[in-house]
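> Here's a structure for you.
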Amino acid sequence: MLYREALNKALDEVMAIDDTVVTLGEDVGLYGGSFRVTEGLVEKYGEERVIDTPIAELSIVGNAVGMAIGGLRPVAEIMTGNFSLLAFDQIINHMAKLHYMSNGKVILPMVVRFPQGVSKQLAAQHSESYEQMLCSVPGLRVLSVCDVNYAYHALKYAILSNDPFVFIEHELLYNKKGEVNFEEQLDPFKARIVKEGEDITIISYLKMVDDVMQSVPAIESALNCSCEVIDLCSLNPIDYETLAASIKKTSRLVMVEEDHKTGGFGSQVVAWAAEEMFYELDAAPLRLAGADVSIPYNRTLELASIPTPDSIAQEIIAWGRKNDV
């Protein structure tokens, strides 16, 4: 099924078994969601559980916080990551902190989900990535979704959990096709080994995982090596155990992300590796990330501002030759 269909099925199944689950956001009802994730749900569950809201992200998440405190399990959809900034007060000061500040008396079983990242010519105000800010806030679980099977299982897990989750998707993945194993007991906090290898560990998340996989044949051919590719899946917490096992095997680390390089999320992974895995590494880690520029509208410049399969291959090949891979 498609990525968006997997998310839709997860929502549908959970809403069918638990009438405290509601979803709210701009156009989630009659329109079926900006990316069709909530398509068909209002016909099944009605406008009291599939709620079209005004264009007011602070209100969407604020209402979801109140719903969670009141005993519901809200899933708040924000149309794109940039617009989540308008709701950061609710996400950071309330959603993330009320459980702690109430000494555990307030439970917030809620999910805020949105797509982010560079799509195709949506320009600077619709193309950003904010996982680095969200993951720095204690109290939030942050998941990032590349795989169709993971999308289905992780969203169900997040909705049924008693913790507040931020569920990050990517605009260019909604029509991605994949198999879903409905019987699988998937741990959403465990990193996914997309491809096993012996010589280089390449870590990524969201759409960059697919771009890395496109670059791997060229890398392996040029360097006569094998690459292990890991999808982080969970950004907070990070499955460092899986990353450590891979680095011990390969002794080399590459981190690939779409976010801007300065202050980007990948710096956390590389810092951890430098602090905890220093003596396992045979070369300095390589971090590939977006340029420190606002995302351009022009398609040529847009692609030049982020890693692409070609640039990923070129950078890793040059780094590998320098470090005797």
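> I need the GluC sites (Glu not before Pro) found in segment 126-210, filtered to DSSP loop residues with at most 13 other beta carbons within 10 Å of theirs.
Numbers: sites: Glu128, Glu131, Glu169, Glu171, Glu179, Glu183, Glu184, Glu196, Glu198; in loops: Glu128, Glu179, Glu183, Glu184, Glu196, Glu198.
When the GluC sites (Glu not before Pro) of segment 126-210 are filtered for loop state and at most 13 Cβ neighbours within 10 Å, Glu179, Glu183, Glu184, Glu196, Glu198 remain.
> Follow-up question, since we're still on this one. Give, rounded to the nearest 20 debye, the magnitude of the charge dipole that the chain has about its Cα centre when Lys and Arg contribute +1 at Cβ and Asp and Glu contribute -1 at Cβ.
Dipole size: approximately 280 debye.
> Of Tyr45, Ala318, Asn82, whose Cα points farthest to the positive end of the dipole of the chain (charges on the beta-carbon: +1 Lys, Arg; -1 Asp, Glu; origin at the Cα centre)?
Asn82
> Using a 1.4 Å probe on the protein chains only, how many percent of the accessible area of segment 40-175 belongs to carbon and sulfur? Write down the numbers at each step before the final one.
Details: 2940 of 5310 Å².
Here it works out to 55 percent.
> Loop-only check: which trypsin sites (Lys or Arg not before Pro) in segment 165-270 are DSSP coil with at most 16 other Cβ within 10 angstrom?
On the way: sites: Lys176, Lys177, Lys190, Arg192, Lys195, Lys207, Lys248, Lys249, Arg252, Lys261; in loops: Lys176, Lys190, Arg252, Lys261.
Sparse-neighbourhood loop trypsin sites (Lys or Arg not before Pro): Lys190, Lys261.
> Moving on. For segment 3-170, what D do you get in µm² per second when you plug the Kirkwood radius from alpha-carbon pairs into Stokes-Einstein at 20 °C and 1.002 mPa s?
Details: Rh = 15.6 Å.
So the translational diffusion coefficient is about 137 µm²/s.
> Could you put His99, His94 in order of accessible surface area, largest first, with the 1.4 Å probe and the full protein assembly present? List each step's numbers first, then the result.
Details: His99 85, His94 65 Å².
Descending accessible area places them as His99, His94.
> Hey, another quick one. With the other protein chains left in place, how much accessible area per residue, in square angstrom, belongs to segment 1-156 at a 1.4 angstrom probe? Could the numbers behind the result be given before it?
Details: 6220 Å² over 156 residues.
Value returned for segment 1-156: 40 Å² of accessible area per residue.
> Decide, for segment 85-198, between rounded, prolate and oblate: order the square roots of the alpha carbon gyration tensor eigenvalues as a ≥ b ≥ c, take rounded if a/c falls under 1.5, and otherwise choose prolate if a/b is larger than b/c, else oblate.
On the way: a/c = 2.08, a/b = 1.24, b/c = 1.69.
Here segment 85-198 falls in the oblate category.
> How far apart, in nm, are two points set 7 Å out from the Cα along the Cα-to-Cβ line at Ser136 and at Arg321?
Result: 3.7 nm between the two label points.
> Take each of the peptides 70-77, 28-35, 238-245, average the number of other beta-carbon atoms within 10 Å over its residues, and list them starting from the highest.
Numbers: 70-77: 21.6, 28-35: 19.0, 238-245: 16.8.
Ranked by mean Cβ neighbours within 10 Å, highest first: 70-77, 28-35, 238-245.
> Follow-up question, since we're still on this one. Of all accessible surface on segment 192-322 at a 1.4 Å probe, what whole percent is carbon and sulfur?
Values: 2810 of 5650 Å².
With neighbouring chains kept in place, the figure for segment 192-322 is 50 percent.
> Show that you can apply the helix-only estimate: for the chain, add -39,500 (n - 2.57) for every DSSP H stretch of four or more residues, divide by all residues, and state [θ] at 222 nm to the nearest 500. Each step should come with its number before you reach the end.
Values: 11 runs with 113 residues, N = 325.
Calculated mean residue ellipticity at 222 nm is -10500 deg cm²/dmol.
> Heavy atoms of the protein only, probe of 1.4 Å, neighbouring chains included. What is the accessible area of Asp19 in Å², nearest 10?
The value for Asp19 is about 120 Å².
> Tell me, how many Å apart are the Cα centres for segment 168-216 and for segment 77-154?
19
> Hey, what's segment 209-320 come to in accessible area per residue, 1.4 Å probe, Å²?
On the way: 4730 Å² over 112 residues.
The answer is 42 Å² per residue.
> A follow-up question, please. With +1 on each Lys and Arg Cβ and -1 on each Asp and Glu Cβ, how big is the dipole of segment 210-325 about its Cα centre, in debye rounded to the nearest 20?
Working: 8 positive and 19 negative charges, 68 e Å.
Roughly 320 debye for segment 210-325.
> To continue, here is another question. Could you pull out the chymotrypsin sites (Phe, Trp or Tyr not before Pro) across segment 170-234 that fall in loop regions by DSSP (anything but H, G, I, E, B) with no more than 13 other Cβ atoms inside 10 Å? Kindly include the intermediate steps, with their values, before the conclusion.
Values: sites: Tyr174, Phe182, Phe189, Tyr205; in loops: Tyr174, Phe182, Phe189, Tyr205.
When the chymotrypsin sites (Phe, Trp or Tyr not before Pro) of segment 170-234 are filtered for loop state and at most 13 Cβ neighbours within 10 Å, Phe182 remain.
The values are calculated or read from the model by the stated rules, or taken from the named source; none is laboratory data. Because the structure is a prediction, the values reported are computed rather than measured. Note: ideal-geometry Cβ built from the backbone for every residue, glycine included; neighbour counts use all protein chains shown. Heavy atoms of the whole protein, side chains included, go into the accessibility calculation; ligands, DNA and RNA do not. Shrake-Rupley method; radii C 1.70, N 1.55, O 1.52, S 1.80 Å.
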